[in-house]
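Okay, so here's the structure we're looking at.
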Amino acid sequence: MASVKVWCILVLSFLLPHSYAHMDFFTSIGHMTDLINTEKDLVTSLKDYIKAEESKLEQIKKWAEKLDQLTDTATKDPEGFLGHPVNAFKLMKRLNTEWGELENLVLKDMSDGFISNMTIQRQYFPNDEDQAGAAKALLRLQDTYNLDTDTLSRGNLPGVKHKSFLTAEDCFELGKIAYTEADYYHTELWMEQALKQLDDGEVSTVDRVSILDYLSYAVYQQGDLDKAMMLTKRLLELDPEHQRANGNLKYFEYIMSKEKEANKSTTKTDSQTDKETKKKEPSKDYLPERQKYEMLCRGEGLRMTPRRQKKLFCRYYNGNQNPKYVLGPVKQEDEWDKPRIVRFLEIISDEEIETVKELAKPRLSRATVHDPQTGKLTTAHYRVSKSAWLSGYESPVVSRINLRIQDLTGLDVSTAEELQVANYGVGGQYEPHFDFGRKDEPDAFKELGTGNRIATWLFYMSDVSAGGATVFPEVGASVWPKKGTAVFWYNLFPSGEGDYSTRHAACPVLVGNKWVSNKWIHERGQEFRRRCTLSELE
């Protein structure tokens, strides 16, 4: 019995990591590509099932046609028909044997293969969390890139290869997911879009009554009582017995009568006027630089003055006379002056990129952030991606990349973190954050024993059709992904103090698939490579 228990535990320990690896599909386009192959396999299985059913029906049809003709002849002259001994024998045989065979054929379930395949594949299907995550991603893209619902519904996005559109039912589902989050702003937008598409003649399984039910309440929650009443009355025209709508209408009329009584005794104040004309917008959130961050993502950020731009150069860089690059320098260009951000061009080959992606893909798991309160790593809604860590000893390609970073930065990477590879999901992003540990996080990297993150090296391993920029809201810098390039900046001043202007973010990916890899270089080992100065901020 004990051996059986041990065997079961071993089986579970083998299966669980595999299952966990397929969670949070919406956080990685790379992992979502597996679902395309899964769906293709299911379609093939479904077509096989349809062929089997058609073959079965064809056999039954032929049998029915043959017997239809035979029984027509027999019923016209039963005695004469059965007078032939062969006909008599065949009647006995048909009723005793052949009709039983036909019954078995009719009862035969041709769906076994398809159902079996579905059962196997279902364990790797996305779940409700994935669907909600993908829906919230569309809402995030809508806000970040100022997209109206009609544009998004029609799929009119920049750089798309395979255009797609949302049905009225899709719009209704988006509105429902926003509703469950008490996000009445987006509920209103998407319920109105669903209603518009139905009014334009689209045939759908969703009905106007259901849409108006959600829409009227979402509008009421945003303070627009007149519109809420109008929508409720429209709902009742379609379904006069709708219990909730009748209750809501009475409640709205009661509130309006109270407001009219109050307005008779008081004059309209400026605040009331502002309330009436106030434009509806998403609710305020925890991110103070939200507006600036989203403007940079759209390419609407601050422009550097011509005087500052003149100080930015492109050059052939030899890694401060590094012997490897004296005869074969690399291309380098300045992206920003303060903080200094430089980009290295053609710094990682397509072959190296594919090797890194192939090594990382089986290990991709939901990216985590450091929780300053608990000191532990945890998933967060503001970081939508999957990541994996690669060590230099497991692949000569990774080792070569690490050495290249060391040669070009002049910093010791032996105390750096492993190469982190990240793939962003639907609307994948990482909201504004610091790479270094602040003073209120003294234990941020204590377990590593290598000091703070002195610098960041970031490889872009794919082009992105639209969105996906790396932005620095404090200074107004936007760095756009370009495959084969890398950007580098220091997070700390030479004094060891944190440079707060390096607060940065990965903008949501609007169209495309974003792969990056980064190397966080730590303080230990840099004492004689990047010496301290006499000033805290130098």
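Things worth noting here:
- First in region 38-66 and assigned to a helix (DSSP H, G or I), second anywhere and small (Gly, Ala, Ser), Cβ under 9 Å, 6 or more apart: Ser45/Gly113; Ser45/Ser116; Asp48/Gly113; Tyr49/Ser111; Tyr49/Gly113; Ala52/Ser111; Ala52/Gly113; Glu53/Ser111
- Scanning region 78-116 for residues that are open to solvent by less than 80 Å² (accessible area, probe 1.4 Å) and not in a helix (DSSP H, G or I) yields Gly83, Met110, Ser111.
Listed here are the residues, each with its yes/no results for (1) part of a helix (DSSP H, G or I); (2) surrounded by 20 or more Cβ atoms within 10 Å (Cβ to Cβ); (3) over 18 Å from the mean Cα position of the chain (by Cα); (4) of a type in the set (Val, Ile, Thr).
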residue: Met118; (1), (2), (3), (4): yes, no, yes, no
residue: Tyr124; (1), (2), (3), (4): no, no, no, no
residue: Glu129; (1), (2), (3), (4): yes, no, no, no
residue: Ala132; (1), (2), (3), (4): yes, no, no, no
residue: Lys136; (1), (2), (3), (4): yes, yes, no, no
residue: Leu139; (1), (2), (3), (4): yes, yes, no, no
residue: Gln142; (1), (2), (3), (4): yes, yes, no, no
residue: Thr151; (1), (2), (3), (4): yes, no, yes, yes
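- Within region 235-255, the residues that satisfy the criterion of being touching a residue at least 24 places away in the same chain (Cβ under 8 Å), in contact with a Leu (Cβ under 8 Å, 6 or more places away or on another chain) and under 16 Å from Arg208 (Cα atoms) are Leu235, Leu238, His242, Ala245.
- Checked against (1) in contact with a strand residue (DSSP E or B) (Cβ under 6 Å, 6 or more places away or on another chain); (2) open to solvent by 30 Å² or more (accessible area, probe 1.4 Å), Ser495 meets all criteria but (1).
- Extreme residue, farthest from Ser365 (Cα to Cα), among residues of region 401-421 that are of a type in the set (A, V, I, L, M, F, W, C) and in a loop (DSSP other than H, G, I, E, B): Leu411
- The residues in region 153-172 that are buried (at least 18 other Cβ atoms within 10 Å of the Cβ) and out of contact with any Phe, Trp or Tyr (no Cβ under 8 Å at 6 or more places or on another chain) can be counted, and the count is 4.
- Selection of region 282-299 for residues being open to solvent by less than 90 Å² (accessible area, probe 1.4 Å) and modelled with pLDDT of 70 or more yields Pro282, Leu287, Glu289, Arg290, Tyr293, Glu294, Met295, Leu296, Cys297, Arg298, Gly299.
- Enumeration of residues in region 415-429 that are buried (at least 21 other Cβ atoms within 10 Å of the Cβ) and hydroxyl-bearing (Ser, Thr, Tyr): Tyr424
- Exactly one residue out of Asp412, Asp407, Asp440, Asp435 is acidic (Asp, Glu), open to solvent by 60 Å² or more (accessible area, probe 1.4 Å) and touching a residue at least 12 places away in the same chain (Cβ under 8 Å), and it is Asp440.
- Pair list, Cβ < 6 Å and 6+ apart or interchain, from region 356-370 residues that are closer than 15 Å to His381 by Cβ to residues that are surrounded by 18 or more Cβ atoms within 10 Å (Cβ to Cβ) and at pLDDT below 90: Arg366/Asp24; Arg366/Thr27; Ala367/Arg383; Val369/Arg383
Here is a yes/no grid of residues against (1) open to solvent by less than 60 Å² (accessible area, probe 1.4 Å); (2) touching a strand residue (DSSP E or B) at 6+ places or on another chain (Cβ under 7 Å); (3) modelled with pLDDT of 90 or more; (4) not acidic (Asp, Glu):
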position: Met229; (1), (2), (3), (4): yes, no, yes, yes
position: Leu236; (1), (2), (3), (4): yes, no, yes, yes
position: His242; (1), (2), (3), (4): yes, no, yes, yes
position: Leu249; (1), (2), (3), (4): yes, no, yes, yes
position: Tyr254; (1), (2), (3), (4): no, no, yes, yes
position: Lys258; (1), (2), (3), (4): no, no, no, yes
position: Ser265; (1), (2), (3), (4): no, no, no, yes
position: Asp274; (1), (2), (3), (4): no, no, no, no
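- Residue within region 389-400 that is within 27 Å of the chain's Cα centre (by Cα) and not in a helix (DSSP H, G or I) present: yes
- When Lys361, Lys357, Lys331 are checked against the criterion of being surrounded by 16 or more Cβ atoms within 10 Å (Cβ to Cβ), modelled with pLDDT of 95 or more and among the charged types (D, E, K, R), a single residue qualifies: Lys357.
- Residue within region 451-464 that is farther than 30 Å from Gln131 by Cβ, surrounded by fewer than 21 Cβ atoms within 10 Å (Cβ to Cβ) and modelled with pLDDT under 95 present: yes
- Subset of region 519-535 [surrounded by fewer than 19 Cβ atoms within 10 Å (Cβ to Cβ) and closer than 19 Å to Glu441 by Cβ]: Arg524
The values are calculated or read from the model by the stated rules, or taken from the named source; none is laboratory data. A quick note: this is a predicted structure, and the numbers were derived from the prediction, not measured. Quick reminder, even Gly has a Cβ in these numbers, built from the backbone with ideal geometry, and neighbours come from all protein chains shown. Accessible surface areas use protein heavy atoms only, side chains included; no ligands, DNA or RNA. Shrake-Rupley method; radii C 1.70, N 1.55, O 1.52, S 1.80 Å.
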